[in-house]
Every structure is written in C-alpha cells, then in structure tokens.
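Trainee: So that we are looking at the same thing, I have put the structure below in structure tokens.
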Amino acid sequence: MNKAVIFENKENRKDTIISACVFLSGFSCFAQLYYFQPLLPDLAREFALSASQSSLAVSFSTLGMVFGLIATMFIADRIPRKTLISIGLLASSVFSVAASFSPVFWLLILLSAAKGFLLAGATSVSMAYIGEEVSDRNKARIMALYIAGNALGGMGGRFISSWIGAVSDWRIASVSIGLLCAVFALLFLIFSPKSTHFTPKKESLHTLVVANLQLITSKSLVPFYLTGGLILGVFVSLYNYMGFYLIKEPFNLPEYSIHYIYLMYIFGMFGSIATVRLTRRRTPFCILKTMLLISAGSILLLYVAHFLLIAIGLAIFTFNFFVVHVLCNRIVSDYDLSKRSVTISIYLLTYYLGSSLLGWATGILLDIFGWRYFLAGLIGIVLLNYTIVTLGIKRIEKK
C-alpha cells in the first residue's frame, strides 16, 4: 500500500470521527435550546401564564445565544475549536439541570438564558471546526450531517421531554435532557480530534471591531443573515404554538400525544442531507427562492382543520427550513475563509435573534387575534423573506 492510500485512509478515519462528534454536538445544542417547547402548556399551567408568556422559556434560551454569539465573535479565533465546543456543551448541560429546580418562572428563564449564552460558543465554531479539520472531499457531506444532528436534536429533545413530561412532569423531563446532553458533551471531549489546523489570532480590539463591522454590514451577506433569522422565527413559532392549537376544538388531542408532532423533524434531517444533491442540479440561490415560496404554500395547508393536512404542511415546511438553513450557512461561511468563525457567528446571531423575537411576538398575535391571523402573519414573514433573498441575489449577480 503506497503512502497516498495510507494518508487517504487516515484522513477518512479522522473525518468519520469528526462527523460522529459534530453530530453529537449539533444534537446537544438543539435539544437543549428547544426541549421546553412541548412543555410550554405545562409551564403555563404551573406558573399561571399565557401562551406568549410561557414561550419566554424558549425565547430566553435563544436570546442568551444571541448575547453569547456577540461575545464569541471576539474570542472565537483565540481559543482552539475543540476547547470552546467542549466547554459550551458541558457548562450548558449544568444550567439545563439547574433550570429544572426553578421555584419561580423568572429564575427558569434566567437560567435558560445562561444556558443559551454558553451554547453559543459550541454552535458558532462547529462549522469552522468542520471547515478546518475535514478534508475537502468530505466537507459538504459532514456539514450536512452536522445540520442533520441539529434536526435530530431538535426532534429528540422535544420528543423525549414531551414523552417524559406526559408520564411524569416537566421537571423530570428537563433533568433528563440535561443529563443526556452532559453525556454527549463528555463523548465529544474524549473522542473529537484536536484542532490541528487552527492557529490562534491575537488582534487588537480596534481591528476586531472594524473587521467585524464590515462583515456585519456587508451588502452581500445581510440578505442571508436576515433569511436565517426570519425563517427560524417562523419555524419556532409553528412548533411553539401548535400544541396549544391541537389540544382545543376541533381536534381535542390529549397533551401526551402532542410529542408526536416533533417526529416531523425527521423531514428536517432529510432536508439537510438532500441539500447536497439539490445543489448539484440547481444553484443555491435558485433553491433558496423555490424553498421559500413552497414554504409559504405549506403554511396555507394549516388553515384546514384536518390533522393529516396539517401534518403534511408541517412536514413540507420542516424539510424546506433545513434546506434554507444549510444553504445560508454555506454561503456565509465561504464568503471569507479567514473570518469564517466571525461570519458564522453573525449569521447565527441574527438566526437566534429572529427565533427569540418572532417566537414571542407571534404568540401575542395568536393570543389576541387567533390561529388564522397567526398563520397569516407567518406567511407574510416568509414572503418578506423571499423578497429579501431576491434583492440579495440581484445585488450579488451585478458584481
């Protein structure tokens, strides 16, 4: 066996280990961010809250992520990727467990915010870690696998917490997710390869601020930053409040059955993986526009008071959401390879800010005007998103 084959086999083994580790990292991040979602009716009942008030348990997690991402932009290139991811995963799981014992709601949302803040480090540099440590031939596949881990984490966290909450209570469900993610964090710490292609950068605060401001205000990137935030805001809104809708007339579903909704995340995994094949046939820009239009149509199905059509609409939207997310991630991460961790951090900042603000604000729309106007608001946001992407593409094509 010649040296080239030996090197390729060694590289493939390393890529395989990284793929498994970042899959666990993606699972842990999304499971911890959103496991309170199916438990919102339980929180509303225990703490005497409205639907929009209870959603703060999710919104504060993602809001904490926003502030964490701002901090990460200034330290991400100073700390080895593996170290930052490991610290974020381990510390956040401690706060997930702590939130389970909150006697009052305000303490729960503060602990949730702290958890989100710590997860920011792990989330923002995972793509950079893949970009630096994985061979070019496997990079696209492993990036898609990482996003699939996000999807499975989102589904698994919600499904497990909903199921445990139904047979026990929300506190036991919260503790369970925290402990599970702690195990995944330890596995990542033990098995993930070191950041061998990472070189720490020591820049002055002035140069960092100037460079980051240029990337934040880049006319080429802003449309894709906004796209992530808007589409995630709609996605979170649907899953935040779907349970409140289905336990009422005309469905009257028992609360313990609501966790089956989160099996729809399987379609998100399919979307993440399918993105690689889709981009072989069409440009990412064409796919983005198509997926956004189909997403608006899928929400229309939710107007029909028929469970099968609602399930189909939710499945289509979930598939499309993850395709859009993978494409936007790729576009911003490839824009400036020397600032990959910064552009990803900025993208994720708007991504989770959209989740926090829209996930809460659309709940107010639901509380005041009802389900139909809530859906109309979501469709309006998706169509606004389509307009932003279209204008962004035109700007890029002119250059």
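Trainee: Among THR83, LEU383, ILE331, pick out the residue whose Cα is farthest towards the positive end of the charge dipole of the chain, where Lys and Arg carry +1 and Asp and Glu carry -1 on C-beta, about the Cα centre.
Mentor: ILE331
Trainee: A follow-up question, please. Which of the pairs LYS14/LYS139; LYS82/LYS194; LYS289/LYS394; LYS139/LYS394; LYS139/LYS289 have their Cα atoms more than 18 Å apart in this structure?
Mentor: Checking Cα-Cα distances, LYS139/LYS394; LYS139/LYS289 exceed 18 Å.
Trainee: Sorted from largest to smallest, which semi-axis lengths in Å does the alpha carbon gyration tensor of the stretch 221-316 give for its equivalent ellipsoid, taking the root of 5 times each eigenvalue?
Mentor: Equivalent-ellipsoid dimensions as semi-axes: 28, 14, 12 Å.
Trainee: Angle between the Cα long axis of helix 222-246 and the longest principal axis of the chain, 0 to 90 degrees, nearest 10?
Mentor: Helix 222-246 sits roughly 30 degrees off the main axis of the chain.
Trainee: If the only charges are +1 at each Lys and Arg Cβ and -1 at each Asp and Glu Cβ, what is the size of the charge dipole of the chain around the Cα centre, to the nearest 20 debye?
Mentor: Result for the chain is approximately 1320 debye, rounded to the nearest 20.
Trainee: May I ask for the percentage of alpha-carbon pairs in the chain that lie more than 32 Å from each other?
Mentor: Across the chain, Cα pairs with separations above 32 Å total 31 percent.
Trainee: How big is the stretch 302-399 in terms of Cα radius of gyration and Dmax, in angstroms?
Mentor: Rg, Dmax (Cα atoms, Å): 16.4, 50.
Trainee: Quick one: 3J(HN,Hα) in Hz for the stretch 119-127, Karplus 6.51/-1.76/1.60 with θ = phi - 60°, rounded, Gly and Pro as x.
Mentor: 5, 4, x, 5, 5, 6, 9, 4, 5
Trainee: While we're here: Can you compute the charge dipole magnitude of the stretch 246-399 about its Cα centre, using +1 on each Lys and Arg Cβ and -1 on each Asp and Glu Cβ, nothing else charged? Give it in debye, rounded to the nearest 20.
Mentor: It comes to approximately 860 debye.
Trainee: Rounded to the nearest 500, what is the 222 nm mean residue ellipticity of the chain from helices alone, with -39500 (n - 2.57) per DSSP H run of 4+ residues and division by all residues?
Mentor: Result for the chain, helices only: -28000 deg cm²/dmol.
Trainee: Ok, one more. Out of every Cα pair in the stretch 347-399, what percent are spaced more than 14 Å from each other?
Mentor: For the stretch 347-399, the share of Cα pairs beyond 14 Å comes to 65 percent.
Trainee: Can you run phi through the Karplus equation (6.51, -1.76, 1.60; θ = phi - 60°) for the stretch 174-181 and list ³J(HN,Hα) in whole Hz, with x for Gly and Pro?
Mentor: Calculated HN-Hα couplings, in order: 5, 4, 4, 5, x, 5, 4, 5 Hz.
Trainee: Could you identify which residue out of SER272, SER195, SER55 has the top mean-square fluctuation in a GNM of the chain using Cα springs shorter than 10 Å?
Mentor: SER195
Trainee: Only Cα pairs within less than 10 Å get springs; with that Gaussian network setup on the chain, which residue of ASN320, ASN385, ASN252 has the largest fluctuation?
Mentor: ASN252
Trainee: Please build a GNM for the chain, connecting alpha carbons under 10 Å apart, and tell me which residue among VAL66, VAL304, VAL382 fluctuates the most.
Mentor: Looking only at VAL66, VAL304, VAL382, the largest GNM fluctuation is found for VAL304.
Trainee: How far, in degrees from 0 to 90, does helix 340-369 lean away from the longest principal axis of the Cα atoms of the chain, to the nearest 10?
Mentor: It works out to around 10 degrees.
Trainee: For the charge dipole of the chain, defined by +1 on Lys and Arg C-beta atoms and -1 on Asp and Glu C-beta atoms about the Cα centroid, which residue among ILE70, LEU253, PRO284 has the Cα displaced farthest towards the positive pole?
Mentor: Towards the positive end, the residue furthest out is PRO284.
Trainee: Next question, about the same structure. Given q = 0.19 Å⁻¹, what are the Debye log10 I(q)/I(0) values for the stretch 74-222, with equal point scatterers placed on the Cα positions and solvent ignored?
Mentor: One equal scatterer on each Cα of the stretch 74-222 leads to -1.23.
Trainee: Charges at C-beta only: +1 for Lys and Arg, -1 for Asp and Glu. How large is the resulting dipole of the stretch 64-156 about its Cα centre, in Debye rounded to 20?
Mentor: 100
Trainee: Taking the dipole about the Cα centre of the chain, with the C-beta of Lys and Arg at +1 and of Asp and Glu at -1, give me whichever of SER52, PHE307, GLY271 is farthest to the positive side.
Mentor: GLY271
Trainee: In whole percent, what relative contact order does the chain give with Cα contacts below 8 Å and a gap of six or more residues?
Mentor: After rounding, I find 26 percent.
A short reminder: the numbers here are calculations on the coordinates, not readings from a lab. Model, not experiment: these values are computed from the prediction. Cβ atoms come from the backbone with ideal geometry, glycine included; neighbour counts cover every protein chain shown.
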